[in-house]
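Chemist: To start, I am sharing the structure in question, which I have written as C-alpha cells.
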Amino acid sequence: KKRVVSGVQPTGSVHLGNYLGAIKNWISLQDTYETLFFIVDLHAITLPYDASELSKATKKTAAIYLACGVDTSKASVLVQSHVRAHVELMWLLSSATPIGWLNRMIQFKEKSRKAGDENVGVALLTYPVLMASDILLYQSDFVPVGEDQKQHLELTRELAERVNFLYGGRKWKKRGGKGGALFKVPEGLIPPTGARVMSLTDGLSKMSKSAPSDQSRINLLDPKEVIANKIKRCKTDSFPGLEFDNPERPECNNLLSIYQLVTGRTKEEVALECRDTNWGTFKANLTEALIDHLHPIQARYEEITSDPAYLDQILSEGARKAADIAETTLNNVYQAMGFFRR
Ligand code: TYM
C-alpha cells in the first residue's frame, strides 16, 4: 500500500482552515492508503509558546483528529515527540541542507519578521528540516496539506533527492546497504478548493491560529452562538448577488468556497444557487450549514474526551507502529552516511 502522512501543530485551536485544507481530506485517504497522522508538538515550540498548555493542546488536537473521522482501525495517530527518530533524522538531514534553502522559506521570513530577531530561535529556521524528516522517515508517497505548506514540501523533495544523490545508490551499497534510493520522493496533495481558507475579517489574509482576533476564524469547537456571531459580523461587500473568482471580491469567494465544502455541493451548484442571493440570506444559510457540519464533530469530540484512557491507548499504539517503520529508515541513513553502528 502507498503511504500518506500529515500533521497539525498543537498551537492555538484547530480552525476551519486546518480542517478544510488538510484534516477533512485525510479522511477520504485512509481507506485506500496506509495513513499516519501526527500531532507535531516539536514544531509547536518553534515560536514562543506556553509550556503549561502544550500537553493539553496535544491531546486536544489528537481528539479532534478522531472527532473529524480519522479511523484508528485504519490510520495511526501519534504524537511526533513520542517517536524519537523524527529528531534524530532531522539532525542527519540538517547536515545536508544548505542554509540558503532555509533562508528562502516564506513562512520563516514572515514569522521571524513578526516575532523580531531576538525572539527567533534557531528552530524556526530549521523547522522545514524537521518536517522533511517527518515525511521521509516513513518513505511517504503522498502528503495532504494546505497551500501554505507547498514550499516546505518542495524543500522536502529536493532534500530527499540530494541525500539520495550524496549517500544512496552505489555508495550505500559499498557500506553494506541494499543500494538504491534512501528516501522516496513524496508528492503533495493540495485540494482544489479549501487549500487556502481566508480570514473572516479580511479576505486577503489567510485564516490562522495566530491572528490576534478570534473573529477572524471559525474554530472547530466553537459553540453554535459563536459561529452565528462570527458569520454575522464577518466582512462582506456591497456588490449585487454573489460570485466566485472575482478578484475584487475576495471575501465573497472565500465564503462561497466554505459553503461549497461544508454542504458537499459542487462549485457550479453553489454559483447558481447564490447568484442572486443577498448577504443576509446567504449568511443565514452559511451559518446553518456550518453548524450542521460541525455539530457531529463536536459531539464526537465530547465523547472521545470523556474517556482519556482511550486516547492514551490510541496514541501509544500509533507511536509503537510508527517507530517500527521509522527505525528501518533511520538505520539505513546512519549506515549510508558511514556511521559506526553497534
Ligand atoms: P499547521 O499546523 O500550520 O497547519 C496544519 C494544516 O492546515 C493547513 N492550513 C490551512 N489550509 C487551508 N487554509 C488555511 N487558512 C490553513 N491554515 C493551515 C496547513 O497547510 C496544514 O496542512 N508544518 C506543518 C505541520 C507539519 C506537517 C509535517 C505536515 C509538520 N510536519 C509533515 C505534513 C507532513 C504546519 O505547521 O501546519
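The values are calculated or read from the model by the stated rules, or taken from the named source; none is laboratory data. Quantities reported herein were computed from a predicted structural model and do not represent experimental measurements. Cβ atoms come from the backbone with ideal geometry, glycine included; neighbour counts cover every protein chain shown. Accessible surface areas use protein heavy atoms only, side chains included; no ligands, DNA or RNA. Shrake-Rupley method; radii C 1.70, N 1.55, O 1.52, S 1.80 Å.
Chemist: List the residues, sorted by chain then number, that are 5 or more residues from residue 203 or on another chain and whose placed amide H is less than 5 Å from its amide H.
Modeler: 251
Chemist: At a 1.4 Å probe, what is the % contribution of carbon and sulfur to the accessible area of the chain?
Modeler: Numbers: 8630 of 16620 Å².
Carbon and sulfur together cover 52 percent of it.
Chemist: In degrees, nearest 10, range 0 to 90: what is the angle between the Cα axis of helix 308-336 and the longest Cα principal axis of the chain?
Modeler: Tilt of helix 308-336: around 40 degrees.
Chemist: Which far-off residues, 5 or more places away or on another chain, put their amide H under 5 Å from the one on residue 70, with H placed in the peptide plane?
Modeler: none
Chemist: Taking the Cβ-Cβ separation of residue 246 and residue 210 as r and a Förster radius of 41 Å, what is the calculated FRET efficiency to the nearest 0.05?
Modeler: 0.90
Chemist: Ordered by residue, what ³J(HN,Hα) values in Hz, to whole numbers, does region 35-46 give under the Karplus form 6.51 cos²θ - 1.76 cosθ + 1.60, where θ = phi - 60° and Gly and Pro are x?
Modeler: 10, 10, 10, 9, 9, 8, 5, 5, 6, 6, 9, 7
Chemist: On full extension of the chain, what length is gained from residue 178 through residue 299, given 0.36 nm per residue of separation minus the C-alpha to C-alpha distance?
Modeler: Numbers: separation 121, 0.36 × 121 = 43.56 nm, distance 4.95 nm.
Here the answer is 38.6 nm.
Chemist: Follow-up question, since we're still on this one. Residue by residue, what Karplus-based ³J(HN,Hα) values in Hz, rounded to whole numbers, does region 262-277 have, using 6.51, -1.76 and 1.60 with θ = phi - 60° and x for Gly and Pro?
Modeler: 7, 8, x, 8, 8, 4, 4, 4, 5, 4, 5, 4, 9, 3, 10, 7
Chemist: Taking a probe of 1.4 Å, how large is the accessible area per residue of the chain, in Å²? The partial results should precede the final answer.
Modeler: Values: 16620 Å² over 342 residues.
So the chain comes to 49 Å² accessible per residue, rounded to a whole number.
Chemist: Can you show me the helix-derived [θ] at 222 nm for the chain, built from DSSP H runs with n ≥ 4 at -39,500 (n - 2.57) apiece and divided by the number of residues, rounded to the nearest 500.
Modeler: -16000 deg cm²/dmol, from helical runs alone.
Chemist: Related question: Among DSSP beta bridges whose residues both lie in the chain, state the antiparallel percentage, nearest 5. Provide the component values of the computation, followed by the final result.
Modeler: Values: 2 of 16 bridges.
Of the beta bridges lying entirely in the chain, close to 10 percent run antiparallel.
Chemist: Taking H placed 1.01 Å from N in the peptide plane, check which residues at least 5 places from residue 35 or on another chain put their amide H under 5 Å from its amide H.
Modeler: 4, 76
Chemist: Let me ask something additional. To the nearest 20 debye, what charge dipole does the chain have about its Cα centre, counting +1 at the Cβ of each Lys and Arg and -1 at the Cβ of each Asp and Glu?
Modeler: My answer is approximately 1520 debye.
Chemist: Another question about this same structure. Quick check: the angle from helix 85-94's long axis to the longest principal axis of the chain, C-alpha only, nearest 10 degrees?
Modeler: Between helix and principal axis, roughly 80 degrees.
Chemist: Put one equal scatterer on each alpha carbon of the chain, apply the Debye formula with no solvent term, and list log10 I(q)/I(0) at q = 0.10, 0.11 1/Å to two decimals.
Modeler: Debye output, listed in q order: -0.64, -0.76.
Chemist: If you line up the long axis of helix 122-136 against the longest principal axis of the chain, both from Cα atoms, how many degrees apart are they, to the nearest 10?
Modeler: Taking the Cα atoms of the chain, the angle to 122-136 is about 80 degrees.
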